[in-house]
Each structure stands twice: as C-alpha cells, then as structure tokens.
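The values are calculated or read from the model by the stated rules, or taken from the named source; none is laboratory data. Fair warning: this is a prediction, and the values are worked out from it, not measured in the lab. Because the Cβ atoms are built from the backbone with ideal geometry, glycine has one as well, and the counts that use them run over all protein chains shown. These accessible areas exclude ligands, DNA and RNA; they are computed on the full protein's heavy atoms, side chains included. Shrake-Rupley method; radii C 1.70, N 1.55, O 1.52, S 1.80 Å.
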Amino acid sequence: MDAVLQLAESLLASPWLYLLVIVLTLVDGVLPVVPAETVVLTTAAYAVTGQPDALPLLAAACLGAVAGDVTAHHIGRGAGPLARWARRRRGIGPLLGWAEKELMARGGMLIISARFIPGGRTATTVASGVIGYPRRRFVLFAAIAAAAWALYYVGIGMLGGLAFRDQPLIGVALGIGMALAVGGTIEAVRALRRRRRRGADVSRPRPAERVACPAPVRGA
C-alpha cells in the first residue's frame, strides 16, 4: 500500500496519475485489496494546489469504478458451473437465493449503496452476474454508483486538503476516517433493515390450514 501511495504522490504533476487511478479503481472493483479509495483521497487532497487537476481525477475515478463493477458482473455471469455447484451447497445456496431476491426486489439501491462498502460491492456485483441480473439495468445503476462514489471521495479529499492545506496528510487521514464512517453506517443500516424484515416474516401469521371435513354419511 505504501509503495502505491508513493507512486501516486510521485505522479501528482503527471498525466500518468489518471491512468494509475483508472487501473487501481478497476482492479479494486474485482479484488477489494487495492487501496483505490486511499489513492483517490490522497490525490484529491493535493488537488487543491492545482496538481493534479480535480476534474480529470474525478473522471478517472468514475471510469475505473464503472469498469471494475462491470468486470466483476461479467465474471459472475461466466461462473455458470460454479454457480450451479454453489446453489447445491447448504451454506452458499441460501445466500445466493437471498442475493437474487434482494437484487430483483431493490437492485438499484443495493448496487448503489454497496459501492461504498469495499467487500460488499464486489460480492454484490459478482452475485448480480451469477443470478443473471439484466445487464443494461446493472450498467445504469453501476454508472450512477460510480459517479456518486467518485464525487464523494474526491470531494472529501479536497475538503481535507483545504482544511489542512499546510499538512495535506492530516486531510487524507480525516477523509479516510469519514469514508470508513460512511461505509460502516451504510452496512449497519442494511443489517438493521435485514433484521427487521426477518422479524416481520417470522411474526407474520401463517394462513390457517384447512381442516378436511368428513364426508356426510348417507342414510340407509
């Protein structure tokens, strides 16, 4: 991670920085171990000085995020045999069933909110491909999510840079803290809503079972 940040800082005045941001955000959409958020925050904090330029940085972050999510979605679509195997497993099958139900019911909100949760977004985008979520609809919501994600991270990075112009690293730390807080809040709200829905399903009265009445006895 430190090596990636040092590389990004060395490219602050170079157009290659935007390519680096695109690649990092793309890979991060598939493998959530790449410090894409941290790089975007760090470079955005320095953008208040004019290097790099904020608008190309925003476009690069958005483009890479869309490309990463779409790649993860198509990886899920290509996992047909693996998905069929997973559906038969006791632990994974119900999880895929839940993902299919949630995505079909409220896919847009799920895809957009999951973009702010590093592990959650990869799981959601891959699952959307596995269950065959409509491609065009997914690309639309992925684009909206990527734009919101890029605006958020570039925005808080620049705010941190403005607040701590003489010490941009403090601004970066502040931005990372805010990003973690937002991601944690979104995940907590989702978990609370899932718990409430499960509680409602359990407490919902089941339809009364019909009792078979004995056939009338005909008189002799």
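Structure above, values below:
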{"read-out": "Index of the failed condition, GLY129 passing every other in (1) more than 12 Å from the chain's Cα centre (by Cα); (2) without any contact (Cβ under 8 Å) to a residue 60 or more places away in the chain; (3) under 16 Å from LEU63 (Cβ atoms)", "value": "(3)"}
{"read-out": "Helices (runs of 4 or more DSSP H) enclosed by segment 31-110 - at least 3 residues per element that are surrounded by 15 or more Cβ atoms within 10 Å (Cβ to Cβ) and at pLDDT 75 or above", "value": "36-47, 54-77"}
{"read-out": "Single residue of segment 1-27 satisfying the filter (hydrophobic (A, V, I, L, M, F, W, C) and outside any helix (DSSP H, G or I)) that is most open to solvent (accessible area, probe 1.4 Å)", "value": "MET1"}
{"read-out": "Tally, over segment 31-62, of residues that are within 15 Å of the chain's Cα centre (by Cα) and touching a residue at least 60 places away in the same chain (Cβ under 8 Å)", "value": "5"}
{"read-out": "Residues being at pLDDT 80 or above and under 21 Å from the mean Cα position of the chain (by Cα) - total across segment 1-30", "value": "11"}
{"read-out": "Residues located in segment 104-133, provided they are under 11 Å from HIS73 (Cβ atoms) and of a type in the set (A, V, I, L, M, F, W, C)", "value": "ILE111, VAL126, ALA127, VAL130, ILE131"}
